[in-house]
Amino acid sequence: MTLHDQLVGSTRPRRLARDGRPVAQGRAPAERPPHRELVRRELAAYASRIRLHELVREHGSPLFVLDRDRVTTQLLELRRELPDVRIHFATKSLPHPAVIRAVDAFGASFEVASRGELDLLEREGVQVGRCLHTHPVKTVADITSAYLRGIRTFVVDSPSEVAKFAGLPCCDVGVLVRLSFPNPGAKSDLSSKFGVEPDAAAALVDLCLRSRLKVRGFTFHVGSQTTSAEPWKRAIARTLELMRTLEERHDVRFELLDLGGGFPVAYDEPVPALGELARGIREALAAAPEHLAVVIEPGRFVSAPAMTLVTRVVGTNDRPDGRWHYLDDGVYGAYSNIPAEDVHAPIFAAAELGAQPASEDAFERATRRILTRTRVPVTLAGPTCDSVDVIARGLPLPPLGGGDLLVSPMMGAYTWATATGFNGIAPTPVVVVGH
Ligand SMILES: Cc1ncc(COP(=O)(O)O)c(C=O)c1O
């Protein structure tokens, strides 16, 4: 398309038939736009709906925009797809008061792993007794503190952990035995750090029972950002088989199966819909006895879509390997999910979303339209003095100048929670929107 076409629209003649009537330009079968374009369209509509530019004008940048409504929407989707399963939100993924209140108002509970998380929940008025304490390794003081606040379900994966419960009244404490099901395909394979292999679990259950510690059931985590139902199906089938064997052997009845987290979100690539994964999970659960309660501990799926990040270009340099833009946030801050998890939320220039201030001038508007269609591969770097602080390389973006804004969706999980204050850079502020 020529520059003229772009400015005033195409004037190319339409094809005419012999009788002079325009030929119907048969449409090629509609092709689905690439993932990045679909995300851009959705983000553009969202940015306009929440008046993103005004929020930045008011609160500055960098800025996290936390949307309470999205927390609720994600929880609703989980409830719709897994209706018989209880939800315990993984607090660690986004321990922000507004999220805690939204999850609590929805009627879901929490999984917690530290005294700090329990403090936060209590400050927000959550009845913490319903929470699951899921850390497989904790101090006796952690256990006692959680017990005194009302928590009765803990997780163990080793004999040394079982021994720590010796001083507590065993009659009202129950444990879940954490099983390991390796999943190297996940972004974070938690079984490489925690869990007892299913073949070795019988000995641990035996030890719990001899220690007069009630085993309420089993828990596992198939790995964060798991993009297929298979790991859950295999883990559920193996755990149910283990339960049957041990119930017979010890004449006990397990009451709880905890499927952990791991539900994925689409960053720079599409992922299967929750419905597809949930179908596989429901099929596998069909073999579970009726009395067995099933819970999930979703973190990323609930928190990632709830936050959008806005950053700003503070410097530009043409280096031997191309153009670099230095932003006011980076991998030691809001983009901490990049080095920690190798996940890459899409990054758009605000101009690509129409989220830049509108110009009154028609020529300037037309020029901006053309510029936003031109893409130059750039490196985006964060604000610290460390060369590790690189957010993206070779990312095609429209030409950017000092002060221009960039926007990333899907930035709620393991971002704000894991950011550091390296180089004295203040935490990225959070503005809360939604009801
Ligand atoms: C015990 C436990 N449950 C749940 C989660 C949440 O996992 P995800 O964010 O993948 O849903 C985690 C994450 O580390 C975890 O350790």
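The values are calculated or read from the model by the stated rules, or taken from the named source; none is laboratory data. This one's a predicted model, so the numbers in the text were calculated from it and none came from an experiment. We place every Cβ from the backbone using ideal geometry, glycine too, and count neighbours over all the protein chains shown. Only protein heavy atoms, including side chains, enter the accessible area calculation; ligands, DNA and RNA are left aside. Shrake-Rupley method; radii C 1.70, N 1.55, O 1.52, S 1.80 Å.
If you take the Cα Rg of the chain and divide it by 2.2 N^0.38 Å, with N the number of residues, what do you get? Please report the intermediate quantities before stating the final value.
On the way: Rg = 25.8 Å, N = 435, 2.2 N^0.38 = 22.1 Å.
Rg over 2.2 N^0.38 Å, computed on Cα atoms: 1.16.
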#### Entry: Alpha-carbon centroids, the stretch 164-239 and the stretch 63-103: separation in whole Å
24
### Query
So what is the relative contact order of the stretch 69-303, in percent, for Cα pairs below 8 Å that sit 6 or more residues apart?
22
### Task
Please sort 82-94, 399-411 by packing, taking for each peptide the average over its residues of neighbouring beta carbons within 10 angstrom, highest first.
82-94, 399-411
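How big is the antiparallel share of DSSP beta bridges in the chain, given as a percent to the nearest 5?
Counting DSSP beta bridges with both partners in the chain, the antiparallel share is about 40 percent.
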## Note on the structure
With a 1.4 angstrom probe the carbon and sulfur portion of accessible area for the chain, in percent, totals 52
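On average, how much accessible surface per residue is there in the stretch 203-299, in Å², for a 1.4 Å probe, leaving out ligands, DNA and RNA? It would help to have the intermediate numbers written out before the result.
Values: 4150 Å² over 97 residues.
Counting only protein heavy atoms, the per-residue value for the stretch 203-299 is 43 Å².
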### Task
Just tell me which lysines come within less than 16 Å, Cα to Cα, of Lys164; anything on the same chain fewer than 8 places away is out.
Lys138, Lys214
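Rounded, prolate or oblate: pick one for the stretch 69-303, where a ≥ b ≥ c are the square roots of the eigenvalues of its C-alpha gyration tensor, a/c under 1.5 means rounded, and failing that, prolate if a/b is larger than b/c, else oblate. Intermediate results must be reported in sequence, preceding the final value.
Working: a/c = 1.70, a/b = 1.16, b/c = 1.47.
Note, shape of the stretch 69-303 comes out oblate.
At most 14 other Cβ atoms within 10 Å and a DSSP loop assignment: could you name the GluC sites (Glu not before Pro) in the stretch 27-110 that fit? Before the final figure, lay out each step's value.
Values: sites: Glu31, Glu37, Glu42, Glu54, Glu58, Glu77, Glu81; in loops: Glu31.
Counting only loop positions with at most 14 other Cβ atoms within 10 Å, the GluC sites (Glu not before Pro) in the stretch 27-110 are Glu31.
Which of the peptides 60-69, 423-432 is most tightly packed, and how do the rest follow, judged by the mean count of other Cβ atoms within 10 Å per residue? Could the numbers behind the result be given before it?
Numbers: 60-69: 21.5, 423-432: 14.5.
Going by the mean number of other Cβ atoms within 10 Å, highest first, we get 60-69, 423-432.
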